[in-house]
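J.: Pasting in a structure now, in structure tokens, and then I'll have a few things to ask.
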Amino acid sequence: QVQLVESGGGLVQAGGSLRLSCAASGSAFSFDDMGWYRQAPGKQRELVATITSANTINYADSVKGRFTISRDNAKNTVYVQMNNLKPEDTAVYYCGVVLGSRQYWGQGTQVTVSS
């Protein structure tokens with residue numbers, strides 16, 4: 001059973017930084033795509049950043065230049081360093097990983113950016 005444990009959310013002032021971590025477990029195989037998504041109140045879940053097993057990275061335009069995604073395959077962990085946070089970054093952030101043909105989700109961690 002694949003499990004994802006997220007950490008690192010919280011309250012930060014605009015211009016501040018946070019680092020989110022997501023540790024994946026429950027698979028004897030390496031995970032394929034790993035990434036971060038977010039959902040603000042009243043909005044659909046949207047992609048923030050993804051990183052493949054070959055370290056190909058994709059960012060949403062809204063976070064380019066401010067967020068950096070990385071992964072540690074030895075620990076099955078994906079990170080996102082979020083700098084210069086803006087109030088519009090406020091959302092529940094979800095870790096998502098792909099293993100074979102299945103997508104798995106974490107429980108979400110709240111990020112709140114005050115102005």
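Read the figures in this text as sums done on the coordinates, not as results from a lab. Since the model is a prediction, treat every value here as computed from it, not as a measurement. Every residue, glycine as well, gets a Cβ built from its backbone with ideal geometry; the counts of neighbours run over all protein chains shown.
J.: On the given criteria, is R19 among the basic types (K, R) and touching a residue at least 60 places away in the same chain (Cβ under 8 Å)?
T.: Here the answer is yes, as R19 does meet what is asked.
J.: Considering only residues that are among the charged types (D, E, K, R) and either exposed (fewer than 15 other Cβ atoms within 10 Å of the Cβ) or not in a strand (DSSP E or B) (or both), which ones fall in the range 1-36?
T.: Within the range 1-36, R19, D32, D33 qualify.
J.: Would you pick out the residues in the range 92-108 that are part of a strand (DSSP E or B) and surrounded by fewer than 22 Cβ atoms within 10 Å (Cβ to Cβ)?
T.: Answer for the range 92-108, where residues must be part of a strand (DSSP E or B) and surrounded by fewer than 22 Cβ atoms within 10 Å (Cβ to Cβ): V92, Y94, G96, V98, L99, R102, Q103, Y104, W105.
J.: Taking T56, is it surrounded by 14 or more Cβ atoms within 10 Å (Cβ to Cβ) and among the hydroxyl-bearing types (S, T, Y)?
T.: No: the conditions fail for T56.
J.: If I filter the range 60-83 down to residues being in a strand (DSSP E or B) and out of contact with any Lys or Arg (no Cβ under 9 Å at 6 or more places or on another chain), which single residue comes out as nearest to V97 (Cα to Cα)?
T.: Selected residue: R71.
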